[in-house]
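Bear in mind these aren't lab numbers, they're just calculated from the coordinates by the rules spelled out. From a predicted model like this one, the values you see are computed outputs, not experimental measurements. When we count neighbours, we look across all protein chains shown, and the Cβ atoms used for this are built from the backbone with ideal geometry, even at glycine.
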Amino acid sequence: MKVALYARVSTHDRDQDPETQLVALRDHARAQGWDVHAEYVDRAPANDLLRRTEWRRLLDDAARRRFGLVLVFKLDRAFRSVKHMHDTLDAWERIGVGFQSVREGFDTRTALGCLLLNLLTSLAEFELELISERVRTGMDRARRQGKHIGRPSVMHSPGFEGRWASARFLRRKAESGRPLAASASPVGEDHFYLPKVHLGLGAGFVGLASIC
């Protein structure tokens, strides 16, 4: 079986060498009689997925089924949260790619691994609920303190007064020119509508006739 070896060290851990993890991974793969497809090594924090370029390359190769198992030294070398772990392993399970960590002995191909994966589903949902609860608590506290919740009002945006004055001027100018324009139209004034213009007020397109 072909396996992918993944190692990661944080940029804050300058004394760490990914080779320490790779040696253990190579020895484990050799003992199992597995062929190493490739070694993927990142030097970045777990939550910095943008800088974890080798992790993204591993995900692409897994999607192409270039190996049947991903081998890591420890769980936290690969995943940044319970949800991240669950979502990744669930996606790999669907395409037939297994996962194993040497230190914890976690293996998704075993019955115990499947049980743990199901537990991860519950833990991921619990983690999301905790985050949502913290957000709601923070918003409630902000409201009690009289703070604004959500996007700032367009009326408080820089330059609003100037744009509003220009809009009113355009409306008055357009209204004064409406009868003249309608007289040149075969539909008559009652059915003649002015085109909508964008006023840059942050609310999309506003009709001139709707401005007070």
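The range 101-118 and the range 22-64 have Cα centres separated by 18 Å.
In terms of other Cβ atoms within 10 Å, 37, 86 run from fewest to most in the order 37, 86. Converting phi to 3J(HN,Hα) with the Karplus coefficients 6.51, -1.76 and 1.60 and the offset θ = phi - 60°, the range 82-90 yields 4, 5, 4, 5, 4, 4, 5, 5, 5 Hz in sequence order, with x at every glycine or proline. The ranking of 79, 106 from fewest to most other beta carbons within 10 Å of each one's beta carbon is 106, 79. In this entry, the range 2-125 is assigned a mean projected area of 7.2 nm², taken as a quarter of its C-alpha convex hull surface.
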